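So the structure is just underneath, and the comments pick up after that.
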Amino acid sequence: MTETILQSWQNAWPEIKSTRPPETGAGVIDPSAFNTIEVDNLFDAVNHCSTTVGQAFLYRSLSRPLDDIRLLKAKQEAAAEIGRNPALREAIERIVQHAADTEKNLYMLLYAEFIGSFGAARGEHEIEGYGYAQYKRGVRFMLDLVERIRQTEAPQSPFLDAVFDKIRRFAASRDYSLMAGPVYVTEGVIQSKEEKKGWFPVSVIFKPRLFKPLIFAALAFILGLLPMAMNITTPAQIIFFAPLLLVYFPIVGGYDRDNCIIPLRNRFRSSQEVGEALDALGQLDELLSFVKFSEAFGSETTLPTLIDAPHHRINLTAAKNPVLGKANPNYVPNDFMLDDDKLVLITGPNSGGKTAFCKTLTQIQLLAQIGCYVPAKAATLTVADRIFYQAPEISHLVDGEGRFGTELKRTKDIFLASTAKSLVVLDEMSEGTTFEEKMESSINVLTGFYRKGNSTVLITHNHQLVDHCIAQGMGIAKQVEFAHDTPTYRLIPGISRVSHADRVAKKIGFSKEDIDNYLAGSS
């Protein structure tokens, strides 16, 4: 059973980024690729969610993308229906906005700290008194969510209707009945109205209010009859029995808090049913966010066509980077096709856009696998079972291995975990060794990936390596275009045989001339 967002929060105040990607080979994306692809930045670009649970759900989707083509197509259909049906979109927006305005009430009930009857709340997440107000507001959030979904016309999309149904089904749960009340406490056991049978054994009826009519009536009876039996005058009666009124509040309030409110909130906090209903709300917010992202991007977006194939394929027309291209009409789009070739070798000088394009490629693949729109005129791709991106991580050198061993170990882990349906991006393999060893190692690795049949994209300055692969009929060559030593950020056919190292050195003020001038001035 999938962990709900509520379960991922455990006993802590809700955190949007509460989900982490699984280890290499256990999911579509691993922690290293997650960081290299800059998924946090991608989340910021796509995130138009209004609720905390919606944002947490979107972040979980990006951390643990889907690999089920049928489910992804169904999710796409749901997003498309929201986009083309104004009435449905308006209804969902009202549900989500009301939830955004009131969801903190639920989190106060579930996670805020009780500070006692006589303490004053100083922190934002503290509850003073007995918690009646927090309880009523918290359960009202869930009851209102169910009612608003019930009042909304069912969508046509089976996926979207199933999301609605998760919230509708919550109304049939024990937790919903406990929230709706009344709640009965019998010998320390909490029961709902449906569970309570008959009048015996006698139960305490919990309602979230300090005024209890029956208890007040009993107290009034005592105050009225007992003094008469003791021949106490009325003024003395009030003075004598006033302490009974003073102890009433802490006794009744403390009992309700300790025996009803806290046990109920602990139950709701760990409830699968509450968690699934909240996840459904989060998913509605996420789907709405996809539509808003598409509208706010500033250039063409599309829901990619997902195809089934024995190995990974991708075909993009006028693709833009989801992060850098947002609200940037000057961002240069690129076409890209990787079909039966399986291997693309990208060369070109630094600052030409090689890495930015490979992040565009992997970010688009990731967005496609959460059911989102992607920034392109057209996109056709298969669902990848793994998305890997290897880039140098100098801060994570393995003890005793050096840079070459550390990077080769990462490449080995990717190779063993990948299949023909994987997308693998390698950024400058086999650094930290001689040119001859680098060539041999790189050829062995690329040949291995090519034989596996997955899509592999290599960023390299080593044009000799590219020449070898092309001569072997293994893959296609692309290069980033430069015009008059200036990058155009377009990807074109061919092999770049220049590095423009001197241009970069001059740009940062560390060319041969800069060094000579510095030494001449200091002598």
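Taken together, the values in this text are just the output of simple stated rules run on the coordinates, not laboratory data. The shown structure was predicted, so the numbers you read here are calculated from the model rather than taken from an experiment. A quick note on method: Cβ atoms are made from the backbone with ideal geometry, for glycine too, and the neighbour counts reach across all protein chains shown.
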Grab the beta carbon distance between K512 and A26, set R0 = 41 Å, and tell me the FRET efficiency rounded to 0.05.
-> 0.25
If you build the Cα gyration tensor of the stretch 297-510 and take the root of 5 times each eigenvalue, what three semi-axes come out, in whole angstrom, biggest first?
-> 26, 23, 16
Placed amide H near T488: partners under 5 Å, 5+ positions off or other chain | E481, F482, A483
Just the number, please: percent antiparallel of the DSSP beta bridges in the chain, rounded to the nearest 5.
-> 45
Helix 354-368 vs. the chain, principal-axis angle (Cα, 0 to 90°, nearest 10) | 40
Given the pairs K409/K507; K136/K166; K17/K73; K75/K359; K421/K478; K359/K421, which span a C-alpha to C-alpha distance of over 28 angstrom in this model?
-> K409/K507
Amide H neighbours of I29 under 5 Å, at least 5 residues apart or on other chains, H built in the peptide plane: list them.
-> I387
Please report, to one decimal in angstroms, the Kirkwood hydrodynamic radius of the chain built from all distinct Cα-Cα pairs.
-> 27.4
Cβ crowding within 10 Å averaged over residues, with 142-150, 381-389, 251-259 ranked highest first = 381-389, 142-150, 251-259
Non-local amide H neighbours of I307 (under 5 Å, H modeled in plane, Pro and chain starts lacking H): which ones?
-> L381, T382, V383
Sorting V424, P155, L316 by the position of each Cα along the dipole of the chain (Lys, Arg +1; Asp, Glu -1; all at Cβ), the one nearest the positive end of that ordering is P155
Dipole of the chain, Cα-centred, from +1 at each Lys and Arg C-beta and -1 at each Asp and Glu C-beta, to the nearest 20 debye?
-> 1440
Acute angle (nearest 10 degrees) that the helix 132-150 long axis makes with the longest principal axis of the chain, alpha-carbon atoms | 60
Set of lysines with alpha-carbon distance to K197 below 20 Å, sequence-local pairs under 8 removed = K207
Phi to ³J(HN,Hα) by Karplus 6.51 cos²θ - 1.76 cosθ + 1.60 over the stretch 98-114, Hz, x for Gly, Pro = 4, 5, 5, 6, 10, 5, 4, 4, 5, 5, 5, 5, 7, 10, 5, 9, 6
Using θ = phi - 60° and the Karplus relation 6.51 cos²θ - 1.76 cosθ + 1.60, list the HN-Hα couplings for the stretch 270-275 in order, rounded to whole Hz, with x at every Gly or Pro.
-> 9, 6, 5, 5, 5, x
Along the positive direction of the dipole of the chain (beta-carbon charges: Lys, Arg +1; Asp, Glu -1; about the Cα centre), which of L338, M474, G405 reaches farthest?
-> L338
Extended-chain gain in nm, criterion 0.36 nm per residue less alpha-carbon gap, W13 and R451 | 152.8 nm
Counting other Cβ atoms within 10 Å, keep those with at most 11, restrict to DSSP loop, and tell me which chymotrypsin sites (Phe, Trp or Tyr not before Pro) in the stretch 91-163 are left.
-> F118
Go ahead and run the numbers for FRET between R209 and T488, Cβ-Cβ distance against an R0 of 51 Å, rounding to 0.05.
-> 0.15
The relative contact order of the chain, taking Cα pairs under 8 Å that sit 6 or more residues apart, comes to a percentage of 18
Mean residue ellipticity (222 nm) of the chain, computed from DSSP H runs ≥ 4 via -39,500 (n - 2.57), nearest 500 | -16000 deg cm²/dmol
Tell me, what ³J(HN,Hα) does each residue in the stretch 313-322 have, in order and in whole Hz, if you take phi through Karplus 6.51 cos²θ - 1.76 cosθ + 1.60 with θ = phi - 60° and put x for Gly and Pro?
-> 9, 8, 9, 10, 10, 6, 7, 10, 5, x
